[in-house]
Amino acid sequence: MIVGVPREIKTEEHRVGMTPAGVRELCGHGHEVLVQENAGAGVGLTDSAYRQAGARIVADRDEIFSRAKLIVKVKEPQLEEAALLGSDQTLFTYLHLAAFPALTDALLESGVCAIAYETVTDPEGRLPLLAPMSEVAGRMSIQAAAHFLEKPHGGSGVLLAGVPGVAPGRVLILGGGVVGKNAAQIAVGLGAEVTILDRTAVRMRELEAFFGNRVRTLYSSREEIEQQLATADVVVGAVLIAGTSAPRLVTRDMLSLLRPGSVIVDVAIDQGGCFETSRPTTHSDPVFEVDNIIHYCVANMPGAVPRTSTFALTSATLPFIQALADRGCEARLREDVHLRHGLNVYKGQVTHNGVAEALGKTGIAAETALGMTRDTR
């Protein structure tokens, strides 16, 4: 199979969809890999390294999109890229379509088979291709919050670690999943006082077993959120419902409960955000204020540390890429129920319930779209 790795063109995105090590594995299985010129430059991976691994370096992006049957990326295609896709191709990348109706329409029109990293599952129901970037984003959320809490950056002037005789800052984390746990690890490490709100008793027990008495876990309700906002210096939005829009947990009216200069970090912004006042921002212009509350809503947070992020992501995606190339995309989708959970769009139809519901579209089951019976495994 011809596998294509284009250079990412989303604003301030420096990650790359495959490393030379991945190229070498695919070439060893008899596949041809086309890598766009300078695709890995942002993470220090040279065209020479890709050539040595067996890739053919292509200057023209359009050649990759016209020849490759499997397109491997990091971020969702921009509309100009979606226009290059066809019904004989498979796109494998992060999509987050619930937040991008125009992109969804473009992918439907193209007829492409679009598999989203963020909805692929494993036998335990986890999201193995989302987890690496969730770990990065969770850890980065506290770094960003600590920075923007500083007075010169518009914050309230609170040091999260505190000092002897002065209480540490208070961090409220909405959601105890991978993002929330990793955010809590960094916040605890800094010495902050950390509270995690979640709705799953099993998850809260796991967090307490992991952190001991270094964090407090509470059941998430509107009343509890309001009470905790009143004492928080930092609020991290870490809620995820796979494939669909993030729930709006904090309204604009609720911002008045926070001290002026407090910081909100909305890690759920890729799925629309869990704060009513959130809107996507970029690394070069990462924050804005609403009612004296700083909002950090960068939509590709791991892109700020692209080398770490690229190696973490590609270690997780390579087995799936290799299986898709070895077996053929449609055959592999029929064989693997967990990969089928990643199928969001197929030949002009939405094939993920969460995406369909979020965008008000009619969806069909992935099994139906692939011509399978629903009980096939």
Alpha carbon convex hull of the stretch 131-304, projected area averaged over orientations, nm²: 9.3 nm²
Between Thr11 and Asp105, how many nm apart are label points set 7 Å from Cα along the C-beta direction? 2.1 nm
Restricting to DSSP H runs of at least four residues, report the calculated mean residue ellipticity at 222 nm for the chain, -39500 (n - 2.57) per run over all residues, nearest 500 deg cm²/dmol. -10000 deg cm²/dmol
Simple SL model, points at 7 angstrom along Cα→Cβ for Ile364 and Asp122; separation in nm is 3.3 nm
Scan (1) 21.3, 67; (2) 20.0, 59; (3) 22.3, 70 for the value of Rg and Dmax of the Cα atoms in Å calculated from this model and give just the label. (1)
Burial-style ranking of 311-321, 339-349, average other-beta-carbon count within 10 Å with highest first, yields 339-349, 311-321
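Determine the relative contact order of the stretch 131-304: mean sequence separation of Cα pairs under 8 Å and six or more apart, normalised by residue count, in whole percent.
Answer for the stretch 131-304 is 22 percent.
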Be a star and scan the stretch 170-194 for residues whose amide nitrogen sits under 15 Å from the point 7 Å along the Cα-to-Cβ vector of Leu218. 170-176, 193-194
Full extension from Arg248 to Phe311: what is 0.36 nm times the residue separation minus their Cα-Cα distance, to one decimal in nm? 19.5 nm
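Ranked highest first by the average count of other Cβ atoms within 10 Å around their residues, in what order do 182-192, 287-297 fall?
Per-residue mean Cβ counts within 10 Å order the peptides as 182-192, 287-297.
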Cβ crowding within 10 Å averaged over residues, with 203-210, 40-47 ranked highest first: 40-47, 203-210
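Values in this text are rule-based calculations from the coordinates and carry no lab data. Just so you know, these numbers come straight off a predicted model, no measurement behind them. So basically every Cβ, Gly included, is an ideal-geometry build from the backbone, and we count neighbours across all protein chains shown.
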